[in-house]
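What follows is one structure encoded as structure tokens, with my remarks underneath.
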Amino acid sequence: MNVVLLVLALTAQQPQDTVVLKPIVVTATRVPVAADLVASAVTVLRGADLVAQGIRTVADALESVPGAHIVETGSFGGQTSLFMRGGESDYVKVLLDGVPLNQAGGGMDLAHITTDNVDRVEIVRGPVSVLYGSDAMTGVVQIFTRTGNNRPELGAELHAGTYGSTEEVVDLQGGTRVLSYSGRASRFSSDGLYPYNNQYRNSVVSARIRAMPDARTDASLTYRYGDDIYHFPTNGQGVPVDSNQRAAERGPMLSVTVGRVLGQHVDVRVSAGLKEARLFYNDEPDSPGQSGFWSKDWVRRATTSALLSWRALAAISVTGGVEYEDERQRGTSQFSASFGTFPDSIGVHRNNTGYFTQAVISAGRTALTLGGRLDDNSQFGSHATYRTGLVYRITEDTRLRVSAGTGFKEPTFFENFAHGFVVGNPDLDPERSRSWEVGVERGRIAVTYFNQRFRDLIEYNPAPPPGAPNYFNVAGAIADGIEASFDQKVTARIVFSANYTYLHTRVQQSGSPGDPDGLFVPGKPLIRRPAHTLVPQLVATLGTRARVTLGARWVGTRDDLDFSRPTGQRRVTMRPYTRLNAAAEYGRGRLLFTGRVENLLDDRAEQIPGFRDRGRNVLLGVRIAVD
């Protein structure tokens with residue numbers, strides 16, 4: 001903590017804000033709405049700022065957002081999870097141009113989601129299931145792909161750094177009033193932290209085309225393909241013991257949207273999206289007599305939706321829509337040991353239809369938001385959610401926000417349908433949340449108090465009665481806290497900002513209250529949720545050619561489970577850690593030189609017990625662009 005306070009003291013005396021509330025936002029209401037009418041807490045990260053800071057993944061970008069906490073298993077490509085406002089790591093819906101990237105049931109590994117070709121990232125905190133259905137329990141993160149403009153521009157980049165890291169990029173963008181386009185292909189690779197079996201490769205192709213044939217019609221097409229492979233030698237305790245364990249994921253994402261203005265006050269928008277993933281896991285025996293395991297899975301999530309919006313001048317906006325989603329998974333696996341071979345397979349499917357409506361009513365200094373949704377799920381039946389919010393403008397630059405709502409998350413396919421060593425429960429209810437918050441914004445200062453109550457959380461019983469499933473609904477928990485953000489121009493070229501989050505979580509109910517090593521222990525905090533997080537940042541523009549960014553992240557103590565310890569003694573308190581990052585860019589003619597240093601202080605404190613963290617990491621690069 002002292003290091004961060006020192007950074008704050010030094011930087012307060014001395015650059016451009018990267019967390020900006022834009023005049024118009026989309027994700028909070030699903031249609032474009034002026035930001036000062038939105039009752040939810042919204043943060044917008046601009047793609048240009050992320051590029052200037054050398055931020056390669058969306059996970060790294062989210063570390064600066066109030067209420068968000070990123071946890072990763074150390075090396076490049078390691079499991080990377082997002083905890084928002086104290087919720088579980090599968091409680092945030094992540095969208096790319098409207099297409100869900102989560103697996104069925106909300107599971108999301110952010111390690112491979114890059115900032116390639118990103119225009120902006122909008123983050124809505126709080127339940128948004130009324131607009132987005134399952135998974136949006138504690139928030140929504142939506143990534144918008146860049147649209148080109150002006151004359152065609154071709155660019156190429158080359159980066160290299162520590163841990164044997166290299167990155168190669170080529171991109172193209174341009175456009176006219178009628179047609180615009182952008183495309184980018186990148187390949188990142190690293191040798192990783194460990195001396196053997198820790199290589200990582202991430203390849204991404206992203207493209208977007210937008211057409212406006214007339215003033216009343218627009219259409220867009222987004223395509224993204226990822227191909228990732230991650231070698232990891234660590235077991236469940238983080239010990240490097242495996243010479244050939246690896247996991248891979250590859251597959252496309254496709255989004256198509258068409259909008260049409262039907263009259264002076266009415267417009268319609270129809271969209272379809274598809275996310276497919278082919279998941280591979282291989283762990284052959286390291287030596288004769290050892291056990292081995294491999295699996296291959298194909299996962300698909302397809303959505304279609306139609307939205308009809310009616311607006312009466314600037315006072316009333318009413319949106320109604322229907323959304324259909326189809327989720328499928330099939331796969332095979334095999335466990336082999338000296339005592340035999342055990343093949344297995346899975347083939348599951350479910351669908352959901354959601355009907356929703358929302359109204360935003362503005363009158364004078366007040367804006368009211370009302371919304372409701374009904375979901376009909378083939379697995380667990382019907383489920384209703386609501387959201388309401390009020391914004392009151394006290395003065396020209398001060399507003400008060402109050403909102404409340406509910407959210408839900410469907411079980412994962414594994415929780416519903418697993419068989420073999422683990423038995424799923426097809427009768428599971430969705431996990432639910434009920435939340436409220438109040439916030440005050442004055443100029444460039446914002447403070448929000450939030451309170452969230454989770455129920456029907458899904459627990460795992462490793463030794464159920466014969467014939468009973470391993471999963472069941474029982475647990476309940478509370479998470480409340482405060483989010484505060486501030487940014488200020490120190491001079492015309494220097495901006496200082498800081499975000500702070502205080503989080504208090506506690507378990508209310510558990511199906512196994514006598515287990516001190518359980519995820520849900522009554523009276524104890526939820527694991528991996530820090531009580532305090534502080535993120536200061538300074539951005540300085542030097543002349544017309546250079547920009548420097550200095551940022552820090554201090555994460556306080558949090559509970560976790562250390563599986564290297566004996567049973568009954570695994571709950572531990574992890575010590576705080578600090579990450580100080582610096583980035584700079586300098587342009588001259590058609591060339592742009594970049595540099596980024598992560599973990600400048602080389603803090604090796606672990607995020608997760610037993611898993612090593614990256615030390616100081618340097619990445620230098622150059623970009624050339626031609627018209």
* To do: Having 2 or more residues that are aliphatic (A, V, I, L, M) and within 20 Å of Gly77 (Cα to Cα) is the bar; report the strands (runs of 3 or more DSSP E) wholly within region 232-348 that clear it.
  => 246-261, 266-283
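Can you go through Val65, Val31, Val4 and tell me which one is in contact with a strand residue (DSSP E or B) (Cβ under 7 Å, 6 or more places away or on another chain), of a type in the set (A, V, I, L, M), modelled with pLDDT under 95 and in a loop (DSSP other than H, G, I, E, B)? Can you show your working first?
Working: Val65 fails: modelled with pLDDT under 95; Val4 fails: in a loop (DSSP other than H, G, I, E, B).
The match here is Val31.
Does region 76-95 contain at least one residue that is among the aromatic types (Phe, Trp, Tyr), open to solvent by less than 10 Å² (accessible area, probe 1.4 Å) and touching a strand residue (DSSP E or B) at 6+ places or on another chain (Cβ under 9 Å)? Can you show your working first?
If we filter region 76-95 for residues that are among the aromatic types (Phe, Trp, Tyr), which is where we start, we get 76, 83, 91.
So of that shortlist, the ones also open to solvent by less than 10 Å² (accessible area, probe 1.4 Å) come out as 91.
Filter once more, keeping what is touching a strand residue (DSSP E or B) at 6+ places or on another chain (Cβ under 9 Å): 91.
The answer is yes; a qualifying residue exists.
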* Is there a residue being among the acidic types (Asp, Glu), at pLDDT below 95 and under 26 Å from Ile394 (Cα atoms) anywhere in region 455-465? -> no
* Would you check which residues across region 106-123 are aliphatic (A, V, I, L, M), open to solvent by less than 10 Å² (accessible area, probe 1.4 Å) and part of a strand (DSSP E or B) and list them? => Val121, Ile123
* Asked: Is it the case that Ala446 is under 27 Å from the mean Cα position of the chain (by Cα), modelled with pLDDT under 95 and open to solvent by less than 60 Å² (accessible area, probe 1.4 Å)?
  -> no
* Does region 274-287 contain any residue that is buried (at least 17 other Cβ atoms within 10 Å of the Cβ) and of a type in the set (Lys, Arg)? -> yes
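With respect to Ala363, determine if the residue is modelled with pLDDT of 95 or more and either more than 26 Å from Asn461 (Cβ to Cβ) or open to solvent by less than 20 Å² (accessible area, probe 1.4 Å) (or both).
Working: modelled with pLDDT of 95 or more: no; either more than 26 Å from Asn461 (Cβ to Cβ) or open to solvent by less than 20 Å² (accessible area, probe 1.4 Å) (or both): yes.
Against the criterion (modelled with pLDDT of 95 or more and either more than 26 Å from Asn461 (Cβ to Cβ) or open to solvent by less than 20 Å² (accessible area, probe 1.4 Å) (or both)), Ala363 does not qualify.
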* Structure fact -> Per the list (1) of a type outside the set (A, V, I, L, M, F, W, C); (2) under 25 Å from Arg434 (Cβ atoms); (3) modelled with pLDDT of 95 or more, residue check on Tyr324 breaks on (2)
* Residues (among the hydrophobic types (A, V, I, L, M, F, W, C), more than 29 Å from Glu157 (Cβ to Cβ) and at pLDDT 95 or above) located in region 564-613 -> Val572, Met574
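Every residue, every condition in (1) more than 26 Å from Asn149 (Cβ to Cβ); (2) among the hydrophobic types (A, V, I, L, M, F, W, C); (3) surrounded by fewer than 16 Cβ atoms within 10 Å (Cβ to Cβ); (4) within 22 Å of the chain's Cα centre (by Cα), yes or no:
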| site | (1), (2), (3), (4) |
| --- | --- |
| Ser190 | yes, no, no, no |
| Arg201 | yes, no, no, yes |
| Arg224 | no, no, no, yes |
| Ile229 | yes, yes, no, yes |
| Phe232 | yes, yes, no, no |
| Arg250 | yes, no, no, yes |
| Met253 | no, yes, no, yes |
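Considering Ala468, Ala477, Ala484, which residue is open to solvent by less than 70 Å² (accessible area, probe 1.4 Å) and part of a loop (DSSP other than H, G, I, E, B)? Write out each step before concluding.
Values: Ala477 fails: part of a loop (DSSP other than H, G, I, E, B); Ala484 fails: part of a loop (DSSP other than H, G, I, E, B).
Checking each option against the conditions leaves just Ala468.
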* Going through region 124-179 one residue at a time, which ones are in a loop (DSSP other than H, G, I, E, B) and either surrounded by fewer than 18 Cβ atoms within 10 Å (Cβ to Cβ) or aromatic (Phe, Trp, Tyr) (or both)? -> Thr147, Asn149, Asn150, Arg151, Pro152, Thr162, Tyr163, Gly164, Thr176, Arg177, Val178
* **Where Val507 falls short, out of the listed (1) modelled with pLDDT of 95 or more; (2) surrounded by fewer than 16 Cβ atoms within 10 Å (Cβ to Cβ); (3) aliphatic (A, V, I, L, M)** => (2)
* Pick from region 305-320, criterion touching a Ser or Thr at 6+ places or on another chain (Cβ under 6 Å) and within 16 Å of Leu370 (Cβ to Cβ), ranking: most open to solvent (accessible area, probe 1.4 Å) -> Arg311
* Among the residues of region 405-424, which ones are farther than 22 Å from Asn351 by Cβ and crowded, with 23+ Cβ neighbours inside 10 Å? -> Gly405
* Asked: Restricting to region 413-462, what's the tally of residues that are of a type in the set (Phe, Trp, Tyr) and in a loop (DSSP other than H, G, I, E, B)?
  -> 1
* **Those residues of region 334-346 which are more than 30 Å from Gly98 (Cβ to Cβ) and open to solvent by 30 Å² or more (accessible area, probe 1.4 Å), in sequence order** => Gln334, Phe335, Ser336, Ser338, Phe339, Thr341, Phe342, Pro343, Asp344, Ser345
* Structure fact -> Looking across region 574-627 at residues that are in contact with a strand residue (DSSP E or B) (Cβ under 6 Å, 6 or more places away or on another chain), open to solvent by 70 Å² or more (accessible area, probe 1.4 Å) and among the charged types (D, E, K, R), the single one that is nearest to His532 (Cα to Cα) is Arg590
* Of the residues Phe413, Phe421, which is modelled with pLDDT under 95 and under 26 Å from the mean Cα position of the chain (by Cα)? -> Phe413
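Within region 375-404, track down each residue that is assigned to a strand (DSSP E or B), touching a His at 6+ places or on another chain (Cβ under 9 Å) and surrounded by fewer than 15 Cβ atoms within 10 Å (Cβ to Cβ).
In the first step, residues of region 375-404 are kept if they are assigned to a strand (DSSP E or B); the result is 375-377, 381-395, 398-404.
Going one step further and asking which of them are touching a His at 6+ places or on another chain (Cβ under 9 Å), we end up with 375-377.
If the condition is that a residue be assigned to a strand (DSSP E or B), touching a His at 6+ places or on another chain (Cβ under 9 Å) and surrounded by fewer than 15 Cβ atoms within 10 Å (Cβ to Cβ), then Asp376 is the only one that fits.
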* Structure fact -> Per the filter on region 425-437, residues open to solvent by 50 Å² or more (accessible area, probe 1.4 Å) and among the hydrophobic types (A, V, I, L, M, F, W, C) are Trp436
* Asked: Since Arg453 meets every condition but one in (1) open to solvent by less than 30 Å² (accessible area, probe 1.4 Å); (2) closer than 25 Å to Ser382 by Cβ, which condition does it not meet?
  -> (1)
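The values are calculated or read from the model by the stated rules, or taken from the named source; none is laboratory data. Keep in mind the model is a prediction, meaning the values are calculated, not measured. Cβ coordinates were reconstructed from backbone atoms using ideal geometry, including for glycine residues, and neighbour counts include every protein chain displayed. Areas reflect the complete protein model, heavy atoms only, side chains present, ligands, DNA and RNA absent. Shrake-Rupley method; radii C 1.70, N 1.55, O 1.52, S 1.80 Å.
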